[in-house]
Amino acid sequence: MIKTILCVEDDRFIGEMYVRSLQKAGYDVTWVVDGNDGLVAARNQQFDLIILDLMLPEQRGDQILDALRNNDVDLIPDSKVLIMTNFEQDEASRSSILHRVDGYLIKADITPRKLIEVIGQIDGAAEK
């Protein structure tokens with residue numbers, strides 16, 4: 001069951017909105033604003049879900065994903081990963097990410113309520 005969430009989001013407005021909404025929904029949320037801090041947090045603490053932006057300062061989200069979950073090793077086997085981005089990707093890049101994550105959303109299409117619904121769907125899929 002998803003209880004703890006790491007949110008790696010550099011946009012202050014979006015990050016604050018996610019954190020406020022997720023905490024109100026009962027989740028324990030840790031928020032970091034750059035890729036290096038996101039990678040350190042994900043390696044040093046167990047999270048049920050990692051919400052990962054792709055375009056981040058220091059390290060991009062796909063680089064963090066590569067470091068945490070690749071073909072050889074999964075450093076976060078008990079964590080779900082949800083990509084949230086407004087970055088338009090080509091099909092090959094998107095496809096290489098999709099098989100390593102539990103969700104992929106375009107931020108412009110997501111309201112806080114919809115984000116909570118998606119997390120509930122990821123959580124429900126994990127229980128099956």
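The values are calculated or read from the model by the stated rules, or taken from the named source; none is laboratory data. None of the values given here were measured: they were computed from a predicted structure. Positions of Cβ are generated from backbone atoms using ideal geometry, with glycine treated the same way; all protein chains shown enter the neighbour counts.
THR30 fulfils the conditions (1) assigned to a helix (DSSP H, G or I); (2) touching a Leu at 6+ places or on another chain (Cβ under 6 Å); (3) free of Cβ contacts under 8 Å to residues at least 40 places away in the same chain except for a single criterion, (1).
Condition (residue is out of contact with any Lys or Arg (no Cβ under 8 Å at 6 or more places or on another chain), closer than 27 Å to ARG12 by Cβ and not basic (Lys, Arg)) applied to the stretch 69-79: is it met by at least one residue? Full working, then the answer.
The first filter runs over the stretch 69-79 and keeps only residues out of contact with any Lys or Arg (no Cβ under 8 Å at 6 or more places or on another chain), leaving 71-74, 77-79.
Restricting the remaining residues to those that are closer than 27 Å to ARG12 by Cβ gives 79.
Adding the requirement that they be not basic (Lys, Arg) leaves 79.
Yes - at least one qualifying residue is present in the stretch 69-79.
For the condition touching a helix residue (DSSP H, G or I) at 6+ places or on another chain (Cβ under 7 Å) and either assigned to a helix (DSSP H, G or I) or surrounded by 12 or more Cβ atoms within 10 Å (Cβ to Cβ) (or both), what is the one hit in ILE97, ILE119? Give the derivation first.
Numbers: ILE119 fails: touching a helix residue (DSSP H, G or I) at 6+ places or on another chain (Cβ under 7 Å).
Exactly one residue qualifies, and that residue is ILE97.
Condition check ((1) crowded, with 19+ Cβ neighbours inside 10 Å; (2) free of Cβ contacts under 8 Å to residues at least 60 places away in the same chain; (3) charged (D, E, K, R)) across all residues:
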residue: GLY35; (1), (2), (3): yes, yes, no
residue: VAL40; (1), (2), (3): no, yes, no
residue: LEU54; (1), (2), (3): yes, yes, no
residue: GLU58; (1), (2), (3): no, yes, yes
residue: ILE64; (1), (2), (3): yes, yes, no
residue: ASN70; (1), (2), (3): no, yes, no
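Listed here are the residues, each with its yes/no results for (1) at pLDDT 85 or above; (2) among the basic types (Lys, Arg).
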{"site": "GLY61", "(1), (2)": "yes, no"}
{"site": "LEU68", "(1), (2)": "yes, no"}
{"site": "VAL81", "(1), (2)": "yes, no"}
{"site": "GLN89", "(1), (2)": "no, no"}
{"site": "ARG94", "(1), (2)": "no, yes"}
{"site": "ALA108", "(1), (2)": "yes, no"}
{"site": "LYS114", "(1), (2)": "yes, yes"}
{"site": "VAL118", "(1), (2)": "yes, no"}
{"site": "GLN121", "(1), (2)": "yes, no"}
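Inside the stretch 1-33, residues that are surrounded by 19 or more Cβ atoms within 10 Å (Cβ to Cβ) and of a type in the set (Gly, Ala, Ser) make up a count of 1. With respect to the conditions (1) over 21 Å from ILE106 (Cβ atoms); (2) part of a helix (DSSP H, G or I); (3) modelled with pLDDT under 95; (4) among the charged types (D, E, K, R), ASP37 lacks only one, and its number is (3).
Which residues, taken from the stretch 80-93, are assigned to a loop (DSSP other than H, G, I, E, B) and within 16 Å of ASP11 (Cβ to Cβ)? Before the answer, list the steps.
Keep residues of the stretch 80-93 that are assigned to a loop (DSSP other than H, G, I, E, B), which gives 86-90.
Answer for the stretch 80-93, where residues must be assigned to a loop (DSSP other than H, G, I, E, B) and within 16 Å of ASP11 (Cβ to Cβ): ASN86, PHE87.
Only one residue in ILE83, ILE76 is surrounded by fewer than 21 Cβ atoms within 10 Å (Cβ to Cβ), in contact with a strand residue (DSSP E or B) (Cβ under 7 Å, 6 or more places away or on another chain) and without any contact (Cβ under 8 Å) to a residue 40 or more places away in the chain. Which one? Step through it out loud before you land on a result.
Working: ILE83 fails: surrounded by fewer than 21 Cβ atoms within 10 Å (Cβ to Cβ).
Only one candidate passes the filter, namely ILE76.
Candidates are the residues of the stretch 40-68 that are assigned to a strand (DSSP E or B) and either in contact with a Ser or Thr (Cβ under 8 Å, 6 or more places away or on another chain) or of a type in the set (S, T, N, Q) (or both); the one that is nearest to SER93 (Cα to Cα) is ASP53.
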